[in-house]
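The values are calculated or read from the model by the stated rules, or taken from the named source; none is laboratory data. Please read all numbers here as calculations on a predicted model, not as lab measurements. Here Cβ is always computed from backbone atoms with ideal geometry, including for glycine, and neighbour counts include all displayed protein chains. All accessible areas refer to the heavy atoms of the entire protein, side chains included, with ligands and DNA or RNA removed. Shrake-Rupley method; radii C 1.70, N 1.55, O 1.52, S 1.80 Å.
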Amino acid sequence: MSSDMDLMWGPEEEQTLLDAIDNWIEKSVAPIAQEYDLEDKYPHQLVEEMKDLGLFGATISPEYGGLGLPARIYAKIVIKVAAVWMAPSGIFNSHLIMAAAIERCGTEEQKRKYLPRMATGELRGGLGLTEPNAGTDLQAIRTVAKREGDHYVINGAKTWITNSLYGDMILLLAKTDPEAQPRHAGMTMFIAEKGEGFIVAKKMKKAGYRAIDTCELVFEDYKVPADCVLGGEEGKGFLHAVGGLELGRINVAARGCGIAEGALRLSVRYAQERTTFGKPIAEHQAIQLKLGEMAAKVEASKLLVESAANAYDRGERCDMEAGMAKYFATETGVFCAQEGMRIFGGYSYSVEYDIERYYRDAMLMCIGEGTNEMQRIIIAKQLVARNKI
């Protein structure tokens, strides 16, 4: 798998793409980040530009109209975006996890129907997994789908769903057999397009990760055609959901790494501009200690993200590598944002300085896509499993 992608995306092609991303970030993302974040305003124009750049098809195979990027290049793009403004990366990330699930698990008919339009951004999607009572414990979901002839009738609720207001569809996890044992055997994933009974209840107000349409959804007698069961078979929904977590965690790790790198850049610059006791604070040892530790952790995070992405591209099982990258890089994002706040001092509490946005955005990365507490458990279990005595 990786050899084909490597032939398509050699060093020159990769650099050309990354240069285009850098130019886009400088011209379109950076100038609006502060305003759109503070006003919680959706960046419609950025979405149109993402379509032009091919970001909605970044990891979709060329066979279906996508760029076919390997995870290692995709992660670099995410780091670059998140280093300036983390929120927009969620718009194409949730979409691409849905696309990856369809490409990995869907029927050929489903792939042909959805992936080409997803690659262009004509159709934009997300993941409908989390419920008010079920986050890490997905098997506790209460949304139910009942078969009635050639369709299913779905009732339930989802929360914290990205791309649900301005997007067109979601991968919807529901229970087709609530009495099944084990519980995961009764769960099914649906390709759910918006329609009657698919209700966007409200957009959620958030401390960070603003400007992005994170909503609560309600399903009231919502009908889905039977041919929209992902893969065409009931009872595989839980496996479909967890099967995409490795790429999702690599993405969140890259976002945490980007936040960390962005906070470091701001801090290095400010430490040279701000003077106390007759010299720039960058010359004070206390600040140097902070910058040195931040820089080391940023580089370590990049290497962990790269390691996980390379394992993913080789087609290897990489839940331990993705878990390590996600855990360390997102904690580094929090650490660097907090240290940046200390370096900026009182000004860090002013919304005129970007560092406070990094601080608000960082903590979400430790929670989303599986809490960091869960990542450490996954790492430990895999460590033991791979080193049996």
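Observations
- Protection proxy ranking for 167-175, 59-67, using the average of other Cβ atoms within 10 Å per residue and placing the highest first: 167-175, 59-67.
- By accessible area, using a 1.4 Å probe on protein heavy atoms only, the range 1-123 has 51% of its surface on carbon and sulfur.
- Mean Cβ count within 10 Å, highest first, over the residues of peptides 270-277, 81-88, 49-56, 68-75: 81-88, 68-75, 49-56, 270-277
- For the chain, radius of gyration divided by Kirkwood radius, i.e. Rg to Rh on alpha-carbons: 0.98
- Backbone N atoms of the range 326-355 closer than 20 Å to the 7 Å Cα→Cβ label point of GLU283 belong to residues 343-345.
- Highest-fluctuation residue, GLU216, GLU103, GLU293 considered, GNM on the chain with Cα pairs under 10 Å: GLU293
- Simple spin-label estimate for LYS146 and GLN272 in nanometres, 7 Å along Cα-Cβ: 6.7
- Entry note, the chain: relative contact order of 16 percent, from Cα contacts under 8 Å with a spacing of 6+ residues.
- Length-normalised contact order of the range 272-389 in % [C-alpha pairs under 8 Å, at least 6 apart]: 23
- Whichever aspartates and glutamates have a C-alpha closer than 15 Å to that of LYS223, once near sequence neighbours (fewer than 8 apart) are set aside: GLU148, ASP150, GLU193, GLU196
- Classified by the C-alpha gyration tensor, the range 86-206 has an oblate form. Its axis ratio a/c, with a ≥ b ≥ c, is 1.5 or above, and a/b does not exceed b/c.
- Distance violations [Cα-Cα > 25 Å] among LYS111/LYS206; LYS206/LYS381; LYS113/LYS194: LYS111/LYS206; LYS206/LYS381
- Stretched out straight at 0.36 nm per residue, the stretch from VAL200 to ILE32 would grow longer than its current Cα-Cα span by 57.8 nm.
- Just checking the listed ones, GLN338, GLN288, GLN139: in the Gaussian network model of the chain with Cα springs under 10 Å, the one fluctuating most is GLN288.
- FRET efficiency for ARG117 and ASP52, using Cβ-Cβ distance with R0 set to 22 Å, rounded to 0.05: 0.90
- Separation between Cα centres of the range 96-143 and the range 263-334, rounded to whole Å: 32
- CD proxy at 222 nm, helix term only [per DSSP H run n ≥ 4: -39500 (n - 2.57); per residue of the chain; nearest 500]: -17000 deg cm²/dmol
- One decimal place: the segment GLU109-GLN45 gains 19.9 nm when fully extended, by the rule 0.36 nm per residue minus the C-alpha distance.
- Heavy-atom accessible area per residue - the chain, 1.4 Å, Å²: 44
- Most tightly packed first, judged by the mean number of other beta-carbon atoms within 10 Å of their residues, the peptides 324-334, 234-244, 194-204 read 324-334, 234-244, 194-204.
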